[in-house]
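Read the figures in this text as sums done on the coordinates, not as results from a lab. Everything quoted here is computed from the prediction, not taken from an experiment. Neighbour counts are summed over all protein chains in view; Cβ atoms, including those assigned to glycine, are modelled from backbone coordinates with ideal geometry.
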Amino acid sequence: MLSDFSESAIQSTKSGQATYCKFITPNDTGSTGSHQSGYHISKTAWSLFFDSPGVRGVNKDKTEIINWQDDFETESRFIYYGTGTRNEYRLTRFGHNFPFLNDENIGSLLVISKVADDYYKAYVLETEVEIENYLNFFGISPDKTNGLISELVATPTSLQGLIDDYIRSLSNDFPTTEILSAKAREIFLEVNRQDERIAVQSPDLAITSWVDTEFDLFKAVEKHLYSPQLAQPFNDVESLVTFSNTVLNRRKSRAGKSLEHHLEKIFDVNRLPYTSQGITEGKKKPDFIIPSITLYRDDNYSSDKLVFLGAKTTCKDRWRQILNEAARIPHKHLFTLQQGISSNQLQEMRDENLTLVVPENISQHFR
């Protein structure tokens, strides 16, 4: 049984000088067929290791001590490749038998915290529970990793004014997920001077932008509504734990429903018929049956004309849960924001007649 390192990663992020996180991709492990392996680090995160950004035409590197999983240390190299056609940062040199740079690690979440000069703590979160615990704690969308945490959690200034206006209009009740999703879309469209036609013209951009905007909106609503409770001391540990669990459970349940609401909007604008949460065999409730649950239940309607679509923000472990949700539809589809799935898992999905559906900007992490 794998250990849960999410709490350690959270504490390291809170206490460290700076933290970077990203999903491990085939490009990191060398599974793409390239000769270069080692974690590819976003150009925006150069300050995690260097005093100044790399300059084209010059390579530079630095050696750091990294403690992995609170267990062992490596003397690794952070290098900027600036010569020839290359212009990238990588973290390399982990020694023989390093366990976190192979195909099975693709889709895991890498978290690196700077503890002190030249000393770091790193965690590879391998299960969906760990990944969701970490991302939900900081309010980060799965499609919005690969950066410094301080930047990932910051609300874009372009959105702040409209978010503040909405906050001032709130009562003391937490808005439903449906209301929050609709408001997030409204804010994004107004700020970017777009209308709902973006769901037809650029559905990939629409879905990820709406999800990201809702994460920012949700955090602002949380801060507003929970501030009175946080301003007062808790009378006992049980009250503190109850409050914390309420906050975290709301974050977890909201993320999945948010994705479903935004997909529904994409379908509505494109006039695609569907039923969400229709009941199939064994009282299962698939996220979407296309064109309808009524036709699904009609034995005279060809199953070849039916489409099943599940929706999960991450699917590293739980993709198998949808396989028995609609027996009439043997070929399943699953929409996800997960960045990177190992080749072995992709083959397992193919063997189970499952096709992943991902936004275009995420699909690059599967190559």
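Where does each of 234-243, 43-52 land if you order them by average Cβ count within 10 Å, highest first?
Packing proxy ranking, top to bottom: 43-52, 234-243.
Where does the Debye-calculated log10 I(q)/I(0) of segment 108-160 sit at q = 0.20, 0.21, 0.24, 0.26 Å⁻¹, using only Cα point scatterers of equal weight, no solvent?
For segment 108-160, the Cα-only Debye profile gives -0.79, -0.85, -1.01, -1.10.
Alpha carbon centre of segment 1-22 versus segment 274-320: separation in Å?
36 Å
Which of rounded, prolate, oblate describes segment 169-261, given a ≥ b ≥ c as roots of the alpha-carbon gyration tensor eigenvalues and a/c under 1.5 marking rounded, otherwise prolate only if a/b is larger than b/c?
Prolate shape, in that a/c is at least 1.5 and a/b is the bigger ratio.
Report the full-extension gain for the segment Val237 to Ser42: residue separation times 0.36 nm, less the Cα-Cα distance, to one decimal in nm.
Extending this stretch completely gives an extra 66.2 nm.
Once you sort the root eigenvalues of the Cα gyration tensor of segment 113-233 as a ≥ b ≥ c, which label holds: rounded (a/c under 1.5), prolate (a/b larger than b/c) or oblate (the other case)?
oblate
Between Lys332, Lys14, Lys265, find the one with the highest GNM mean-square fluctuation for the chain; connect C-alpha pairs within less than 10 Å.
In the Gaussian network model the winner is Lys14.
For segment 1-128, what does the alpha-carbon gyration tensor say about shape, rounded, prolate or oblate, given a ≥ b ≥ c as the root eigenvalues, a/c under 1.5 as rounded, and a/b over b/c as prolate?
oblate
With all distinct Cα pairs included, what does the Kirkwood hydrodynamic radius of segment 272-367 come out to in Å, to one decimal, could you say?
13.9 Å
Return the distance in nm (one decimal) between the two label points of a simple spin-label model at Gln277 and Lys62, each offset 7 Å from Cα along Cα→Cβ.
For Gln277 paired with Lys62, the spin-label model returns 5.0 nm.
Lys43: which lysines have alpha carbons under 18 Å from its alpha carbon, excluding same-chain residues fewer than 8 sequence positions away?
Reachable lysines: Lys22, Lys60, Lys62, Lys114, Lys144.
So for each of 72-83, 110-121 I average, over its residues, the number of other beta carbons within 10 Å; can you give me the resulting order with the highest mean first?
110-121, 72-83
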